[in-house]
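Working notes, beginning with the structure itself.
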Amino acid sequence: MSAPFAHFTESLIRHRGVLGAMVVGLDDGLIVDSTLQIGVNGNAFAALTASLYRKARRSASAAGFGATGFLELTAEQGRVCTAGGVELVLVVVCEARVNVGLLRVELLRAAAQLP
């Protein structure tokens, strides 16, 4: 039996430059489902990204911008991209060279199906 969100994580991990894909609880930052390459600290990325997404959502709301759709953290050696539903967020850990445009489209499409 496959995990309930495996189709999301498995399709995202196939992109060149993606090191891990997770479905994470927005409130607690715990991993619900994941597909990770060896060496990716999923728990740390899950907690960090859930916290960042919650803060981005509050900031966008306070500024009157509406709902947060896509969030990207870019660093020297990689990226973390996320898109969320009401209770869950999709988190993708990537190399710096990833095609963010393609990944963004797929993340937003998948996030629309999350609870």
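Bear in mind these aren't lab numbers, they're just calculated from the coordinates by the rules spelled out. A quick note: this is a predicted structure, and the numbers were derived from the prediction, not measured. Here the Cβ positions follow ideal geometry from the backbone for every residue, glycine too, while neighbour counts run over all protein chains shown.
Within the shell defined by Cβ-Cβ distances under 10 Å, the residues around Ala96 carry a net charge of 0, with Lys and Arg each +1 and Asp and Glu each -1. Based on alpha-carbon atoms, the Kirkwood radius and the radius of gyration of the chain give Rg/Rh equal to 0.94. Counted by neighbouring Cβ atoms within 10 Å, the residues Arg14, Arg54 run from fewest to most as Arg14, Arg54. Modelled spin-label separation between Ala3 and Phe65, with each label point placed 7 Å from Cα along the Cα-to-Cβ direction: 2.9 nm. Highest-first packing order for the peptide set 55-64, 97-106, 28-37 is 28-37, 97-106, 55-64, based on the mean count of other beta carbon atoms within 10 Å.
Applying the criteria of a DSSP loop state and at most 14 other Cβ atoms within 10 Å to the GluC sites (Glu not before Pro) of the range 1-84 yields Glu76.
Near Leu19, the amide H atoms lying under 5 Å from its own belong to Val93, Cys94, Glu95; only residues 5 or more places off or on other chains count, and H is placed 1.01 Å from N. Each residue of the range 93-109 is assigned a 3J(HN,Hα), and the resulting list reads 9, 10, 6, 5, 7, 5, 7, 5, x, 5, 5, 4, 4, 5, 5, 5, 5 Hz, derived from the Karplus form 6.51 cos²θ - 1.76 cosθ + 1.60 (θ = phi - 60°), x at Gly and Pro. Residue exposure proxy: Val80, Val23, ordered by other Cβ atoms within 10 angstrom of their Cβ from fewest to most, comes out as Val80, Val23.
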